[in-house]
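What follows is a set of notes on a single structure, which appears directly below.
The values are calculated or read from the model by the stated rules, or taken from the named source; none is laboratory data. Predicted, not measured: the structure shown is a model, and the values here were computed from it. No Cβ is skipped: glycine too gets one built from the backbone with ideal geometry, and neighbour counts run over all protein chains shown. With ligands, DNA and RNA removed, areas are computed over all heavy atoms of the protein, side chains included. Shrake-Rupley method; radii C 1.70, N 1.55, O 1.52, S 1.80 Å.
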Amino acid sequence: KCEYAAELAAALSHLILVNGDRFGFVLYNDKIVNRRPPEMGNKQFEIFVDELSNPLIYEGISNLNNILEPLTNDLDKSTSMIFIISDFIKLDESYQKNLEILASLFEVVAIIVRDPLDSHLPKINNEIVIENPETNEKLLINPEVAARIYEENALKQLNSVKKIFQDNNIDFLELS
């Protein structure tokens with residue numbers, strides 16, 4: 001998922017730069033990991049791709065809410081569009097206020113990148129261990145037994161994310 005999102009971000013940034021527009025970026029987990037103001041040219045693209053290739057930026061627990069408020073207050077008002085690329089798995093109503101403020105100041109496009117396993121468990125009748133990456137808590141499940149509830153909860157969460165975006169006039173695209 002991270003590799004797919006990184007390739008998408010690189011392609012999008014290249015398209016922006018080729019069209020003669022400036023491009024800046026913010027990479028985050030629970031805090032801002034790297035930030036570059038908008039610039040034009042190949043050097044900006046090379047810096048971005050180099051950062052996306054750095055495995056250390058993918059460490060930590062992602063929390064978009066921690067950066068939305070400071071970022072919104074700090075962005076250049078001449079910014080015309082913001083793309084947010086994430087799986088948005090943790091996005092809930094607690095993000096509403098910060099997204100509303102961001103969307104009132106800028107045109108925002110959210111790109112939801114999901115893995116098929118985010119929606120459906122594998123079709124196997126054996127027990128597997130799943131692990132929570134935040135708490136390292138492990139759970140032994142049989143995917144065939146848990147599939148229906150897992151899929152219902154995944155769909156409910158995705159629909160909640162889409163509603164939050166719609167309520168805030170944030171355009172979104174879902175990629176799997």
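Brief remarks follow.
- Under 5 Å, built H, 5+ apart or other chain: amide partners of Glu39: Phe23, Gly24
- If you take the Cα centroid of segment 1-35 and the Cα centroid of segment 123-176, the two points sit 25 Å apart.
- Projected label distance in nm at Asp92 and Val109, using a 7 Å step from Cα toward the beta-carbon: 3.0
- Sulfur and carbon atoms: percent of accessible area, the chain [1.4 Å]: 53
- Where only DSSP H runs of four or more residues are counted, the chain gives -13500 deg cm²/dmol as its mean residue ellipticity at 222 nm, each run worth -39500 (n - 2.57).
- Accessible area per residue, Å², the chain with all protein chains present, probe 1.4 Å: 63
- Along segment 130-144 the Karplus relation, 6.51 cos²θ - 1.76 cosθ + 1.60 evaluated at θ = phi - 60°, assigns HN-Hα couplings of 10, 10, 7, x, 7, 10, 6, 5, 10, 9, 8, 9, 9, x, 5 Hz to successive residues, with x for each Gly and Pro.
- If R0 is 25 Å, the Cβ-Cβ spacing of Ile47 and Ser78 corresponds to a FRET efficiency of close to 0.75.
- Most tightly packed first, judged by the mean number of other beta-carbon atoms within 10 Å of their residues, the peptides 25-37, 145-157 read 25-37, 145-157.
- Pairs beyond 26 Å (Cα-Cα), from Lys1/Lys123; Lys97/Lys138; Lys31/Lys90; Lys31/Lys162; Lys43/Lys90: Lys97/Lys138; Lys43/Lys90
- Answer label for Rg and Dmax of the Cα atoms in Å (calculated), chosen among (i) 27.9, 103; (ii) 17.6, 57; (iii) 17.7, 55: (iii)
- Amide H contacts under 5 Å for Ile89, placed H, 5+ residues apart: none
- Label point 7 Å beyond Cα of Asp118 along Cβ direction - residues of segment 146-176 with amide nitrogen under 15 Å: 151, 153-165, 172-176
- When peptides 167-176, 125-134 are ranked by their average number of other Cβ atoms within 10 Å per residue, the highest-first order is 167-176, 125-134.
- Under 5 Å between amide hydrogens, built in the peptide plane, is the criterion, and for Ile82 it picks out Glu107, Val108, Val109 among residues at least 5 positions away or on other chains.
- When both bridge partners sit in the chain, DSSP labels roughly 45% of those beta bridges antiparallel.
- 3J(HN,Hα) along segment 92-109, derived from phi through the Karplus expression 6.51 cos²θ - 1.76 cosθ + 1.60 where θ = phi - 60°, amounts to 9, 4, 5, 8, 3, 4, 5, 5, 4, 5, 4, 5, 6, 9, 9, 6, 10, 10 Hz, with x in place of Gly and Pro.
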